[in-house]
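Trainee: Handing you a structure now.
The values are calculated or read from the model by the stated rules, or taken from the named source; none is laboratory data. All of these numbers come straight from a predicted model, not from anything done at the bench. Backbone-built Cβ (ideal geometry, glycine too); neighbour counts: all protein chains shown.
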Protein chains: 2
Amino acid sequence: MKAIILFGHGARDVRWREPFDRLTGLWREQHSSTPVELAFLEMMQPTLDEAFASLASRGATQITVIPVFFGQGGHLRNDFPVLLAACREKYPQIALSATPAVGEDLAVLQSIVDFGARAL
Amino acid sequence: MKAIILFGHGARDVRWREPFDRLTGLWREQHSSTPVELAFLEMMQPTLDEAFASLASRGATQITVIPVFFGQGGHLRNDFPVLLAACREKYPQIALSATPAVGEDLAVLQSIVDFGARAL
């Protein structure tokens, strides 16, 4: 069974996660056969490891991690591969892949341009 | 003349800003009559004040600031209003407004869901 993890930075203010909760809600409405979990790099739960454990216990065999970041800086180039490698080692039965950051996607960028245009 | 500022967090790794540079490129292609500048909260230039100065010198009379953030945490709830207030005081001739974070926009969130679906 395929599953996805939406991986965000995390923040001290709990309200910061609201768009992430909306994202998982949209995913569940539209892709109900593919389980989704959130995971955060720091300051919020669950961790990437906890999200893996949750999906593994529900029978996931392929997990795609989607970094919900704009840019690919130190967090994604340095911290993220270490976390992924730890998950690969701990869950060898799960086929793990990761996409580039969502901010690398032209359609995501276009949606931001369109948001700006509507705000004028 | 209307203008916009795309306001991001900033990062140590210069490659982090690539999606922001692509965003301004898309905006300039599609909305060439509305000048755009990037601005960053920390670790990258220009600052919000510098972006205001640049647009003011080009004759902007209305500036809309678009926070290119997913969540609205401490940066947008605490730091950002202080920066905006300073710009309002320094540039009283410019009508200034700010939108919610782009992550509050349903179409932006949908574009992330669609990106995830294509990655499966």
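Trainee: Look through segment B:1-21, keep the residues that are without any contact (Cβ under 8 Å) to a residue 40 or more places away in the chain and assigned to a loop (DSSP other than H, G, I, E, B), and return whichever of them is surrounded by the fewest Cβ atoms within 10 Å (Cβ to Cβ). Full working, then the answer.
Mentor: Narrowing segment B:1-21 to residues without any contact (Cβ under 8 Å) to a residue 40 or more places away in the chain: B:10-19, B:21.
Subset that is assigned to a loop (DSSP other than H, G, I, E, B): B:10-13.
Working: B:GLY10: 19, B:ALA11: 21, B:ARG12: 10, B:ASP13: 17.
For segment B:1-21, the residue satisfying everything is B:ARG12.
Trainee: Go through segment B:52-69 and count every residue that is within 14 Å of chain A (Cβ to nearest Cβ) and small (Gly, Ala, Ser).
Mentor: 1
Trainee: For segment B:70-111, which residues satisfy the criterion of being surrounded by fewer than 19 Cβ atoms within 10 Å (Cβ to Cβ), among the aliphatic types (A, V, I, L, M) and within 7 Å of another protein chain (Cβ to nearest Cβ)?
Mentor: B:ALA107, the sole residue that qualifies.
Trainee: Same structure again: With B:ALA86, B:ALA51, B:ALA101, B:ALA39 as the choices, which residue is of a type outside the set (Asp, Glu), over 11 Å from the mean Cα position of the chain (by Cα) and modelled with pLDDT of 95 or more?
Mentor: Values: B:ALA51 fails: over 11 Å from the mean Cα position of the chain (by Cα); B:ALA101 fails: over 11 Å from the mean Cα position of the chain (by Cα); B:ALA39 fails: over 11 Å from the mean Cα position of the chain (by Cα).
That would be B:ALA86, the only listed residue that is of a type outside the set (Asp, Glu), over 11 Å from the mean Cα position of the chain (by Cα) and modelled with pLDDT of 95 or more.
Trainee: Another one. Do we find a residue being more than 14 Å from every other protein chain (Cβ to nearest Cβ) and farther than 20 Å from A:VAL108 by Cα anywhere in segment B:29-39?
Mentor: As a first pass, look at segment B:29-39 and keep what is more than 14 Å from every other protein chain (Cβ to nearest Cβ): none.
Scanning segment B:29-39 turns up no residue that is more than 14 Å from every other protein chain (Cβ to nearest Cβ) and farther than 20 Å from A:VAL108 by Cα.
Trainee: Need the failing condition index for A:THR24 against (1) assigned to a helix (DSSP H, G or I); (2) without any contact (Cβ under 8 Å) to a residue 12 or more places away in the chain, just the number.
Mentor: (2)
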